[in-house]
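Okay, so here's the structure we're looking at.
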Number of protein chains: 2
Amino acid sequence: MLSKKTKYGLKALTYIARSESDIPVQVGAIAKHEQIPQKFLESILLTLRKSGFLGSKKGKHGGYYLRKDPKDILMTEVMRVLEGPIAMVPCVSLNFYEKCDDCPDEDACSVHKLMIQVRDSTLNVFRNTTLADLSSK
Amino acid sequence: MLSKKTKYGLKALTYIARSESDIPVQVGAIAKHEQIPQKFLESILLTLRKSGFLGSKKGKHGGYYLRKDPKDILMTEVMRVLEGPIAMVPCVSLNFYEKCDDCPDEDACSVHKLMIQVRDSTLNVFRNTTLADLSSK
DNA sequence: GTAATTCCTATTAAATCGATAGGATTAATA
DNA sequence: TATTAATCCTATCGATTTAATAGGAATTAC
């Protein structure tokens, strides 16, 4: 299941990308239009800022803005920050690899083989989708 | 993340498929060879039996056996029984559809669009993989 | 200096997951 | 028929994760 965090994060990024104006977008506005609990959204945007997708301006008339062109923001990057590993099992993860406790031989493991395929097909989607694709109608 | 339940279930099915003999395979044997807690595995095999993948024989010399040829057991079916919906969000699920509470218009939702693509690419893998593929070395 | 906003940390309630416990039922076989 | 060995069934538990809330500190526009 996709976490609410990721869902909200993607919606917020899309919202900001669609706004296009120079003035920063406020959390309150996003929360209202996308029906997201404001305090929860605050923490999500904070993560997105700390990982370099967003910039922020504090104080009155503050808010968030994109630090890169939407077409340069890949879903692989966003998903890894919000949702974590793209792979369904750590033993096939490219960025978060961990060996299985059980499983003496990965190459003989049927689950391993299957999950590599799933990982690759999902990666293929995320690698070929940018925030610009999401925010175009 | 893939649940342990699914992981163990897939390993168990593979183990049974590889055994090939006519005598039923016992939970204890699977648990031992695949390093799965036996009581947990019992409950998983029970689900797989109730959903028609496995048959069982009770009492001494009892155990589990496949009810279909491995090449006729699709990953789509197995995954739905063990892991639940293949889609990452209910609003793009073919078999477990639910409308989002928020999201007035699915077609305008960026998450929706993305998750349809992920669902389709994952489905493509599961539809083209059978237990026979998993159990072949 | 006041109002509005982001920033930060901690906490909580609920749900899910992985595993365990304890026996009831069934069947082979000595 | 008694014993043993296996599946079957229900309930429960502890740990983890998730989604959300709380409360204020820091910063900035005006």
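A few points about this structure:
- Within region B:20-38, being within 14 Å of chain A (Cβ to nearest Cβ), within 12 Å of DNA strand C (Cβ to nearest atom) and part of a helix (DSSP H, G or I) holds for B:ALA31, B:GLU34, B:GLN38.
- Residue match in region B:105-114 (condition: away from every other protein chain (no Cβ under 12 Å) and part of a helix (DSSP H, G or I)): yes
- Among the candidates B:LYS71, B:LYS60, the residue that is within 12 Å of DNA strand C (Cβ to nearest atom) and charged (D, E, K, R) is uniquely B:LYS60.
- Residue list for region A:115-136, filter: within 7 Å of another protein chain (Cβ to nearest Cβ) and over 18 Å from B:MET88 (Cα atoms): A:SER135
- Pairing residues of region A:24-44 that are surrounded by 15 or more Cβ atoms within 10 Å (Cβ to Cβ) with residues that are modelled with pLDDT under 95 and assigned to a helix (DSSP H, G or I), at Cβ distances under 7 Å and at least 6 apart in sequence or on separate chains, gives A:VAL25/A:SER19.
- Per this entry, A:CYS91 is counted among residues that are more than 9 Å from every other protein chain (Cβ to nearest Cβ) and touching a Cys at 6+ places or on another chain (Cβ under 6 Å).
- Among the residues listed as B:LEU41, B:LEU2, B:LEU13, the single one being within 14 Å of chain A (Cβ to nearest Cβ), more than 12 Å from DNA strand D (Cβ to nearest atom) and not in a loop (DSSP other than H, G, I, E, B): B:LEU13
The values are calculated or read from the model by the stated rules, or taken from the named source; none is laboratory data. Computed from a predicted structure; not experimentally measured. Reconstructed Cβ throughout: ideal geometry from the backbone, glycine too, with neighbour counts over all protein chains shown.
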